[in-house]
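Scroll down for the structure; my scribbles are underneath it.
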Amino acid sequence: MIRRSILAAMLNLTVMAMVEPPAAKAADTELVSLFREWRSFQKPPRRDGVPDYTAAAMAMQRRALASYQHRLAALDPSGWPIAQQVDYHLVRAEMNGLDFDHRVLSPWANNPTFYVTVFTSESDQPAREGPHADAAVEVWTSTFPLTDEQSRRLAIGVRAIPALLQQARANLVGTGKDLWAFGTKAVRQQSADLAALAAKVKDAPGGLAADVQRARGATDAFAAWLDEQMPSRTGSSGVGIANYDWYLRNVQLAPYTWSQEVTIMERELARAHALLALEEQRNAGLPAQVPIASADEHARRFEAAVTEYMAFLRGRDILTVRDDMEPALRGSIGPFVPGPREFFTEVDYRDPEVMRTHGYHWFDKARMAHDPHASPVRREALLYNIFDTRTEGHATGWEEMMMQAGMLDSRPRSRELVYILLAERAARALGDLRMHSNEMTLEQAAGFASANTPRGWLSLQGALVRDEQFLYLQQPAYGTSYVIGKIEIEKLLAERKRQQGDGFRMRAFMDEFNAAGLIPASLIRWELTGQMPDDVRRMLAPGERSPAS
């Protein structure tokens with residue numbers, strides 16, 4: 001079946017090449033060339049192997065950015081095939097992301113977490129969430145004891161840490177209180193992660209153990225410096241409504257304003273609570289769901305959940321099931337956690353199959369690895385988390401879609417879990433919006449999300465509620481992408497059903513949806529329907545710079 005899909009895609013590309021005007025083909029080649037230059041330029045310069053985020057280096061990059069934007073603006077994509085027009089707007093959005101970083105976010109100057117570069121677990125996203133320095137040490141990619149090659153690779157990243165953190169002391173001039181306070185906590189976590197790494201590499205070749213100890217010492221000294229500076233960092237951390245509106249339109253490519261998203265999130269929060277109340281009423285005579293209580297039960301039920309979910313997808317002909325999907329999903333299952341349970345564990349340990357639907361992320365990552373997109377612009381992860389309305393939005397929407405498709409018919413109490421999940425996403429999204437309008441501090445946003453998540457499962461006693469809000473404070477519109485993307489994809493599904501009528505098939509829809517790649521949901525809607533919706537047209541029209549310009 002996969003071979004037939006590949007042959008069909010190759011035939012489609014051949015037909016497109018036959019009918020594509022020579023001018024469009026030449027312009028596309030120019031776009032790809034510009035894109036490759038842009039990706040190289042976007043990375044910071046390096047000095048002695050350390051990325052340079054000094055004020056002088058960033059000022060130089062900001063000045064040079066204009067030439068890339070002018071070159072892109074000189075291309076006229078209006079006569080190109082829709083897929084190539086979409087690529088054009090993806091490149092424009094990335095350039096706007098760097099533009100916004102220089103004019104508004106400046107994470108290298110405002111956000112201590114930007115300089116946290118040690119990561120012990122794999123992100124379920126195409127690229128790590130939030131802004132980070134271009135110096136990641138992805139510890140999770142190594143196996144212990146290390147091979148010589150793994151030791152060498154780790155050493156390169158670890159040795160850069162002391163110099164990068166020393167540079168950060170001069171770079172960090174921002175006054176945002178929440179960014180500073182929670183960033184300091186993230187730096188301390190890096191110290192703990194390096195301590196754990198030191199224990200694993202004490203016998204590694206090449207002096208890696210000493211390098212890790214030096215990196216940990218530099219991290220501890222940096223955390224102490226951040227503590228000393230804390231009293232002077234008393235400002236707000238949000239970007240403001242006008243800047244948020246610009247970011248939505250020009251970087252995230254979401255066809256809404258801050259105000260419209262507030263209305264949407266309030267509506268989704270109310271809907272989730274109302275439908276949960278009805279589900280609870282309907283299920284009142286059924287026994288309560290009991291959380292998983294042991295490692296043996298965890299292993300048995302999670303493995304069974306993957307098996308049942310994959311069988312459901314195959315049996316209902318919902319999408320083409322590729323050979324790499326089930327192993328990717330099984331590989332994402334973590335170990336049993338006896339407690340205390342955080343929000344997603346509360347859901348997962350009552351019915352492991354529910355969150356396997358959100359695990360669509362691992363299907364996406366497997367496709368990226370084994371079947372990369374034909375377009376160079378879409379082949380790798382988009383910068384600035386521009387993919388999030390597709391990745392987070394689809395994974396969130398897929399939970400409810402699979403429930404409506406019948407996945408939970410034999411377990412009606414699990415329907416309650418789907419609405420609890422939606423309520424949590426809407427509540428924390430309102431925290432995202434109100435932190436950036438500077439109506440709420442991070443602590444207030446965490447309190448709001450906790451209070452508006454059913455059953456007290458998003459407890460203020462845990463770490464998750466603040467960690468989530470901190471990510472959304474660093475990366476505007478990430479917290480809203482779960483619900484905004486869900487809504488955009490529901491619009492797309494409805495439009496394709498309207499276009500195709502009785503000929504609509506869910507499997508064919510999902511095949512074309514997946515083939516479009518991990519790009520903003522609004523652009524997938526344009527590409528798959530073949531018609532630019534009015535709200536997308538307004539969004540893509542030339543706009544004004546944000547007030548911070």
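Each residue in region 215-255 was checked for being of a type in the set (S, T, N, Q) and closer than 17 Å to Arg92 by Cβ, and 2 of them qualify. Condition check for Leu194 on (1) without any contact (Cβ under 8 Å) to a residue 24 or more places away in the chain; (2) part of a helix (DSSP H, G or I); (3) not basic (Lys, Arg): one failure, at (1). The selection criterion, being at pLDDT 95 or above and either in the same structural domain as Pro372 (by TED's automatic domain parsing) or surrounded by 14 or more Cβ atoms within 10 Å (Cβ to Cβ) (or both), holds for Pro291.
Do any helices (runs of 4 or more DSSP H) lying entirely in region 433-526 carry at least 3 residues that are farther than 29 Å from Gly176 by Cα, and which ones are they? Working first, answer last.
Values: elements: 442-451, 464-474, 478-500, 506-515.
It comes to 478-500, 506-515.
Against the numbered list (1) in a helix (DSSP H, G or I); (2) loosely packed, with under 14 Cβ neighbours inside 10 Å; (3) aliphatic (A, V, I, L, M), Ala284 comes up short only at (1).
If only residues of region 40-71 that are hydrophobic (A, V, I, L, M, F, W, C) and touching a residue at least 40 places away in the same chain (Cβ under 8 Å) are counted, the one that is farthest from Ala163 (Cα to Cα) is Met58. Could you say which residue among Pro81, Pro145 is more than 16 Å from Leu383 (Cβ to Cβ) and either at pLDDT 95 or above or within 20 Å of the chain's Cα centre (by Cα) (or both)? After ruling out the rest, the residue left standing is Pro81.
Restricted to region 323-334, and to residues there that are assigned to a loop (DSSP other than H, G, I, E, B) and within 23 Å of the chain's Cα centre (by Cα), the residue that is farthest from Glu303 (Cα to Cα) is Asp324.
Quick check, is Glu268 without any contact (Cβ under 8 Å) to a residue 40 or more places away in the chain and either of a type in the set (Phe, Trp, Tyr) or not in a loop (DSSP other than H, G, I, E, B) (or both)? Give the steps one after another, and end with the answer.
Details: without any contact (Cβ under 8 Å) to a residue 40 or more places away in the chain: no; either of a type in the set (Phe, Trp, Tyr) or not in a loop (DSSP other than H, G, I, E, B) (or both): yes.
It is false that Glu268 is without any contact (Cβ under 8 Å) to a residue 40 or more places away in the chain and either of a type in the set (Phe, Trp, Tyr) or not in a loop (DSSP other than H, G, I, E, B) (or both).
Looking only at region 367-401, residues that are more than 16 Å from the chain's Cα centre (by Cα), surrounded by fewer than 23 Cβ atoms within 10 Å (Cβ to Cβ) and of a type in the set (A, V, I, L, M) come to 3 in all.
State whether the residues of region 113-135 include one that is assigned to a strand (DSSP E or B) and within 17 Å of Val50 (Cα to Cα).
Taking every residue of region 113-135 in turn, at least one turns out to be assigned to a strand (DSSP E or B) and within 17 Å of Val50 (Cα to Cα).
For region 360-371, the condition of being under 25 Å from Thr391 (Cβ atoms) and of a type in the set (Asp, Glu) holds for at least one residue. As for region 352-364, it holds at least one residue that is over 28 Å from Gln252 (Cβ atoms) and more than 15 Å from the chain's Cα centre (by Cα).
From the list Asp323, Asp317, which residue is in contact with a helix residue (DSSP H, G or I) (Cβ under 6 Å, 6 or more places away or on another chain), farther than 30 Å from Gly456 by Cα and among the charged types (D, E, K, R)? Walk me through how you get there before you give the answer.
Numbers: Asp323 fails: in contact with a helix residue (DSSP H, G or I) (Cβ under 6 Å, 6 or more places away or on another chain).
One residue alone meets the criteria, Asp317.
The test for being more than 21 Å from the chain's Cα centre (by Cα), closer than 26 Å to Asp220 by Cα and among the basic types (Lys, Arg) does not hold for Arg63.
The test for being in the same structural domain as Ala521 (by TED's automatic domain parsing), free of Cβ contacts under 8 Å to residues at least 12 places away in the same chain and not β-branched (Val, Ile, Thr) holds for Gln404.
The values are calculated or read from the model by the stated rules, or taken from the named source; none is laboratory data. Worth saying up front: this structure is predicted, and the values here are computed from it rather than measured. Here the Cβ is made from the backbone with ideal geometry for all residues, glycine too, and neighbour counts use every protein chain on show.
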